[in-house]
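Asker: Got a structure for you, questions after.
The values are calculated or read from the model by the stated rules, or taken from the named source; none is laboratory data. The structure presented is a predicted model; accordingly, all values stated were derived computationally and were not measured. Positions of Cβ are generated from backbone atoms using ideal geometry, with glycine treated the same way; all protein chains shown enter the neighbour counts. Please note that ligands, DNA and RNA were not included when accessible areas were found on the heavy atoms of the full protein model with its side chains. Shrake-Rupley method; radii C 1.70, N 1.55, O 1.52, S 1.80 Å.
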Amino acid sequence: MACVRRPDRLDPTLTKHVALIGFMGAGKTTLASEVARRLNRQLIEVDRIVERTSGRSIPELFEAGEASFRTHEERVIRGVLANPRPGVIDLGGGAVTSPNVLHLLSEHAVTVWIDETVDTCWERVQGTERPLAQDETAFRGLYGPRRALYQHAADAVVRDADDVVLAAAGVHVEGGALRRLGELIPGDGRVALVSDPNVAGIHGMDAQLALGARLAQVHELPAGEDAKTLAAMDRLWQDLRLDRSGTVVALGGGCTTDAAGFGAATYLRGVPWAPVPTSLVAQVDAAIGGKTGIDLPQGKNLVGAFHWPVRTVIDPTLLDTLPPAQRLEGMAEVVKTGLLAGEPLWELPDDELVRRCAAFKAAICLRDPHDDAERKLLNLGHTFAHALEAAASYEGVTHGQAVALGLLAALRLSGRDIGQVEEILHPKPVRVDRDKAWAAMQRDKKAVGGELRLVLFGESGPEWDVRVPAADVRRELDALIAG
Ligand SMILES: NC(=O)c1ccc[n+]([C@@H]2O[C@H](COP(=O)([O-])OP(=O)(O)OC[C@H]3O[C@@H](n4cnc5c(N)ncnc54)[C@H](O)[C@@H]3O)[C@@H](O)[C@H]2O)c1
Ligand SMILES: [Zn+2]
């Protein structure tokens with residue numbers, strides 16, 4: 001893929017720290033360490049740094065007066081946030097009482113709030129050494145005013161590590177979010193709403209109403225893969241009337257988000273964009289991770305750019321209007337995600353299924369935004385799928401059907417059970433030319449020394465660039481082809 005690698009100036013989400021806030025005992029430290037592990041980022045515990053740099057324990061520092069402690073704490077937070085390598089910051093419960101800290105957080109961090117009840121917090125901290133948790137009445141008295149501060153400072157309210165990962169990636173998942181679109185798109189600049197005729201007909205008016213006075217224009221791309229053509233891009237570029245403070249909002253399936261995202265990445269050398277995915281494929285896959293692009297006659301996704309959205313707004317209730325065949329397309333990616341995550345995510349109800357799958361992909365993409373390493377895992381089953389689709393000249397076999405077959409092949413080569421894939425996706429062998437499929441497979445993954453490199457499962461989970469003898473790959477590819 002010929003890609004424009006965008007400087008992070010245009011992808012501020014990728015350089016922001018994640019800061020966890022909440023009352024004493026809300027569970028910040030536990031969650032922060034889990035998120036640091038998930039994102040492969042440094043865990044920064046402000047209280048510990050304060051103790052280390054002052055040479056005194058927190059209770060000792062408080063004995064000298066809360067004000068001097070806060071001054072010290074603010075200095076530490078300023079230093080931590082100035083580090084260009086984003087970390088996961090466990091902030092002390094009272095850090096947000098400083099207006100300076102609030103300002104710094106708004107510039108350099110995605111701030112997430114663990115909103116825990118005062119009863120639970122007290123249960124956890126009573127009897128500990130924490131200076132502000134020595135007296136229950138005082139503790140409870142502090143809770144209300146602090147809660148108001150957290151509410152003001154927070155970019156998102158979180159319950160678990162998935163929520164934090166999504167917030168870090170700029171992804172907002174909420175049933176009914178479409179109706180709050182105007183407030184969820186950052187900034188106050190004008191918006192170009194880009195959609196396709198099907199989605200515009202069903203959800204376009206709700207989106208327009210929600211955007212209110214910010215709506216500058218509406219543009220319709222063709223439905224389906226025709227959106228990802230140079231001709232459609234030409235029309236979009238020429239129609240856009242945003243200045244650089246404007247935002248492209250892409251409402252639709254993966255074709256709309258891929259094309260509109262690429263339009264945003266290139267128009268005026270890059271304007272912000274926000275996908276609002278409406279298909280299952282787009283909610284769990286296409287709209288996450290900042291890959292945008294269009295097709296060429298020579299192949300799919302050959303021109304594109306990495307352009308991380310300023311916000312991704314996912315409203316799982318929009319899936320209610322999705323045709324069943326399109327839902328099945330998305331289930332192939334859901335099963336792929338569940339297999340990679342090692343959990344039957346496909347069994348969850350829609351809102352949770354979407355949240356968990358989106359968080360899984362978001363974490364991988366945050367760790368490897370430019371596809372240099374582990375993001376390749378997301379190609380599980382896809383080398384086979386692409387070969388089958390190419391052999392069928394992209395007609396008669398859908399991407400989802402091809403992925404379902406590709407998952408079978410990857411599992412068989414890994415010595416794993418294929419029962420779940422068969423049960424949920426019912427893959428049927430496709431009628432395509434075997435030699436054509438094999439030729440496409442070798443073009444996609446150049447065989448080196450008689451071996452191909454695939455995503456497979458090893459003993460400790462999925463691995464990328466696993467070398468497999470060409471003969472074994474060909475045998476499994478043949479098994480996916482009928483006749
Ligand atoms: N950028 C990425 O990382 C990435 C990842 C996966 C897939 N993709 C791309 O995504 C594209 C496929 O996406 P797709 O399957 O969503 O296709 P799509 O955008 O064509 O949508 C499928 C169909 O469903 C309709 N639709 C969408 N939402 C609807 C809703 N809520 N109600 C009724 N109808 C609705 C659309 O109008 C369309 O006809 C491919 O081009 C693929 O390359 C990109
Ligand atoms: Zn796919």
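Asker: Restricting to the range 242-291, name every residue that is part of a loop (DSSP other than H, G, I, E, B), over 22 Å from Leu209 (Cα atoms) and within 14 Å of ligand 1 (Cβ to nearest atom).
Answerer: If the condition is that a residue be part of a loop (DSSP other than H, G, I, E, B), over 22 Å from Leu209 (Cα atoms) and within 14 Å of ligand 1 (Cβ to nearest atom), then Ala287, Ile288, Gly289, Gly290 are the ones that fit.
Asker: State the number of residues belonging to the range 186-241 that are surrounded by fewer than 19 Cβ atoms within 10 Å (Cβ to Cβ), small (Gly, Ala, Ser) and assigned to a strand (DSSP E or B).
Answerer: Qualifying residue count, the range 186-241: 1.
Asker: Further question: Can Ile294 be described as closer than 24 Å to Asp11 by Cα, in contact (Cβ under 8 Å) with a residue 60 or more places away in the chain, of a type in the set (Val, Ile, Thr) and assigned to a strand (DSSP E or B)?
Answerer: yes
Asker: Take the range 368-402 and flag every residue that is farther than 30 Å from Leu39 by Cβ, outside any loop (DSSP other than H, G, I, E, B) and away from ligand 1 (no atom under 11 Å from the Cβ).
Answerer: Phe384, Ala387, Leu388, Ala390, Ala391, Gln401, Ala402 - these are the residues of the range 368-402 that are farther than 30 Å from Leu39 by Cβ, outside any loop (DSSP other than H, G, I, E, B) and away from ligand 1 (no atom under 11 Å from the Cβ).
Asker: Sticking with this one: So, in the range 165-185, of the ones that are part of a helix (DSSP H, G or I) and under 11 Å from the mean Cα position of the chain (by Cα), which residue ends up surrounded by the most Cβ atoms within 10 Å (Cβ to Cβ)?
Answerer: Ala168
Asker: Can you tell me which of Ala392, Ala373 is within 16 Å of ligand 2 (Cβ to nearest atom) and either over 19 Å from Gln298 (Cβ atoms) or in contact (Cβ under 8 Å) with a residue 12 or more places away in the chain (or both)?
Answerer: Only one candidate passes the filter, namely Ala392.
Asker: Continuing with the same structure: Whether any residue in the range 359-367 is within 9 Å of ligand 1 (Cβ to nearest atom) and either part of a helix (DSSP H, G or I) or touching a Ser or Thr at 6+ places or on another chain (Cβ under 6 Å) (or both) is what I want to check.
Answerer: yes
Asker: Now a separate question. Looking at (1) modelled with pLDDT of 95 or more; (2) farther than 15 Å from Leu380 by Cα; (3) exposed (fewer than 13 other Cβ atoms within 10 Å of the Cβ); (4) in contact with a helix residue (DSSP H, G or I) (Cβ under 9 Å, 6 or more places away or on another chain), find the lone condition where Gly461 falls short.
Answerer: (2)
Asker: Here is a follow-up. Give me the pairs, please: first residue somewhere in the range 244-270 and among the hydroxyl-bearing types (Ser, Thr, Tyr), second residue anywhere and in a helix (DSSP H, G or I) and within 16 Å of ligand 2 (Cβ to nearest atom), beta-carbon distance under 8 Å, and either six or more positions apart or on two chains.
Answerer: Thr256/Ala282; Thr257/Ala282; Thr257/Ala286
Asker: While we're looking at this one, here's another question. Which members of the range 464-483 meet the condition of being more than 13 Å from Ala410 (Cβ to Cβ) and open to solvent by 30 Å² or more (accessible area, probe 1.4 Å)?
Answerer: Asp465, Arg467, Pro469, Ala471, Arg474, Arg475, Asp478, Gly483
Asker: Looking at (1) surrounded by 24 or more Cβ atoms within 10 Å (Cβ to Cβ); (2) within 13 Å of ligand 1 (Cβ to nearest atom); (3) part of a helix (DSSP H, G or I), can you tell me which one Leu328 breaks?
Answerer: Against the list (1) surrounded by 24 or more Cβ atoms within 10 Å (Cβ to Cβ); (2) within 13 Å of ligand 1 (Cβ to nearest atom); (3) part of a helix (DSSP H, G or I), Leu328 comes up short only on (1).
Asker: Specify which of the listed residues (Ala437, Ala402, Ala362) is open to solvent by less than 40 Å² (accessible area, probe 1.4 Å), in contact with a helix residue (DSSP H, G or I) (Cβ under 8 Å, 6 or more places away or on another chain) and more than 27 Å from Leu318 (Cα to Cα).
Answerer: Every option except Ala437 fails the conditions.
Asker: Please work out which residue is modelled with the lowest pLDDT, limiting yourself to the range 297-309 and to residues that are assigned to a loop (DSSP other than H, G, I, E, B) and either of a type in the set (Asp, Glu) or surrounded by fewer than 21 Cβ atoms within 10 Å (Cβ to Cβ) (or both).
Answerer: Gln298
Asker: Could we say that Thr278 is away from ligand 2 (no atom under 13 Å from the Cβ) and buried (at least 23 other Cβ atoms within 10 Å of the Cβ) here?
Answerer: Answer is yes for this residue.
Asker: When the range 331-357 is examined, which residues are found to be charged (D, E, K, R) and within 16 Å of ligand 1 (Cβ to nearest atom)?
Answerer: If the condition is that a residue be charged (D, E, K, R) and within 16 Å of ligand 1 (Cβ to nearest atom), then Glu333, Lys336, Asp350, Asp351 are the ones that fit.
Per-residue answers, yes or no, for (1) without any contact (Cβ under 8 Å) to a residue 60 or more places away in the chain; (2) within 13 Å of ligand 2 (Cβ to nearest atom); (3) in contact with a Ser or Thr (Cβ under 7 Å, 6 or more places away or on another chain):
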residue	(1), (2), (3)
Phe384	no, yes, no
Thr398	no, yes, no
Met441	yes, no, yes
Glu451	yes, no, no
Leu454	no, no, yes
